[in-house]
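Down below is the structure, laid out as structure tokens.
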Amino acid sequence: MFQKNDLGRLLAVNSAPAVSMFLPTHTAGREIRQDSIRFKNLLSKATDALIEKHGLRRPDAESLLKPATSMLDSGEFWRNQDRGLAVFIANGIVQRYRVPVELPEEVTVSNRFAVRPLLPLLADDGNFMILTASAGVARLYSATRFGIAEEEIDLPKGVADIHAETDYDNTLHSAPAARHGDRRGSAVKMVATYNFGEDPEELRKAHLISYIGRLADAVDTHLRNSNFPGPLVLVAEDEIQGHFRKDTHPRALVDQGVFGNPDALDVEELHRRAYEVVKPLFEQSRLAALEKFRALNGDAATAERTLTRIEDIVHAAREGRIDTLLMVEGEKAWGRYSEEYDRYFPHLTQVEGAIDLMECAATETLMRGGHVHVVDRGDLAADTVAAAILRF
């Protein structure tokens, strides 16, 4: 899954020439073989661009692209794809991303990596987390409206491990501590002690509560360290759903969950049902951003807090002044930066040396903590490809 920290790493690369390759890929069928053939064609285009536009000798161009060329004969690699593949290569740098969104088939060789096709994955309209929890296992996924990927996180293994930790040889037998009530401080209650002969059902509940408390702590820590604001969707059966909301309530957990046994759902169904929960939240957020822009822009007293010219938007984004960026889906706006005038000048077409101002505005906004929403063509004026709400 392509995430914001990945974007930051790519934008930090300052090693020309930088090669960016995008390809729609397949997960099954005869098209898998065609994917590698089409990727070979992209490599050929990249080689020509390195030679003709960046002055490399053919052996040097082929050496730069060798990490990508080595992928061509890997059948296992091409059999394990998602809907899109992005490959970024520069001197000493190779990054590959399988992504759950269909990408355009294109290659760019420039002074910096091109990331525009991946930006919909980072828009506010679709980033969320999914926590699946049963008594036997728990998993945490990062997701967008396009797809899902499991997070690398050390979670409690299940109630059985809690039970195994119980020392039945001691005079007093107790289950591990469980979190209850207030998550903000020291509200930690010890589960009651149990001896042989006590109600097995009560012991099961105590261990389940302890397991849920540990699980909530682990997820809380992970979300806090990754600066993820939410939302978080819980997929679990009724009893676990109830304890999460009553006793722990992790950071960013939404009120509505997916009820049922997550172990019985395949990944596609899990994603579909979880996205149904958050989709209204994303729609509400996007519409609220549009309404706020229209209100500010339509009032002479507050119109200065908005921008609609793409060249002004890019300049403000680089200064960290944009709170919310609204981008019309699929639109591009070419332009060039002038150091002499310290401003951007738009071009009607993609001329030599021009940059995609829409991509620039979005990446600068995201990296400076702003919000980006992808909107429909009819949401903004006919001559407007982007709009912004300023912080100051």
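The values are calculated or read from the model by the stated rules, or taken from the named source; none is laboratory data. Owing to the predicted nature of the structure, the values given are computational and were not obtained by experimental measurement. Using ideal geometry, Cβ is built from the backbone for each residue, glycine included, and neighbour counts are taken over all protein chains shown.
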#### Entry: Extreme residue, modelled with the lowest pLDDT, among residues of segment 23-37 that are surrounded by fewer than 15 Cβ atoms within 10 Å (Cβ to Cβ) and in a helix (DSSP H, G or I)
E31
### Task
Can you tell me which residue within segment 286-319, out of those that are closer than 22 Å to T363 by Cβ and not assigned by TED's automatic domain parsing to the domain that holds T365, is modelled with the lowest pLDDT?
R286
### Query
Can you list the helices (runs of 4 or more DSSP H) found entirely within segment 149-257 that contain at least 1 residues being at pLDDT below 90 and surrounded by fewer than 17 Cβ atoms within 10 Å (Cβ to Cβ)?
159-165, 200-225
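Per-residue answers, yes or no, for (1) hydroxyl-bearing (S, T, Y); (2) out of contact with any Ser or Thr (no Cβ under 7 Å at 6 or more places or on another chain):
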residue: T248; (1), (2): yes, yes
residue: R251; (1), (2): no, yes
residue: N297; (1), (2): no, no
residue: R309; (1), (2): no, yes
residue: R318; (1), (2): no, yes
residue: G330; (1), (2): no, yes
residue: E339; (1), (2): no, yes
### Message
From the list L140, L122, exactly one residue is buried (at least 18 other Cβ atoms within 10 Å of the Cβ) and more than 9 Å from the chain's Cα centre (by Cα). Which is it?
### Response
L140
### Message
With the requirement that a residue be part of a helix (DSSP H, G or I) and of a type outside the set (A, V, I, L, M, F, W, C), what does segment 38-59 give you?
### Response
R38, K40, N41, S44, K45, T47, D48, E52, R58, P59
### Query
What are the residue pairs meeting all of these: first residue in segment 257-270, first residue under 13 Å from I130 (Cα atoms) and of a type in the set (V, I, T), second residue at pLDDT 95 or above and surrounded by 13 or more Cβ atoms within 10 Å (Cβ to Cβ), Cβ atoms under 6 Å, and 6 or more apart or on different chains?
V258/V235; V258/R273; V258/A274
### Summary
In segment 285-305, anything under 21 Å from D124 (Cα atoms) and in contact (Cβ under 8 Å) with a residue 24 or more places away in the chain is listed as S285, R286, A289, L290, K292, F293, L296, R305
### Task
Give just the number: which of (1) touching a helix residue (DSSP H, G or I) at 6+ places or on another chain (Cβ under 9 Å); (2) more than 24 Å from G353 (Cα to Cα); (3) not charged (D, E, K, R) does S70 not satisfy?
(1)
## Note on the structure
Sole miss for H373 among (1) at pLDDT 95 or above; (2) of a type outside the set (G, A, S); (3) surrounded by 21 or more Cβ atoms within 10 Å (Cβ to Cβ) is condition (1)
### strands (runs of 3 or more DSSP E) lying entirely in segment 294-385 (those with 1 or more residues that are charged (D, E, K, R) and over 22 Å from the mean Cα position of the chain (by Cα))
334-338, 343-347
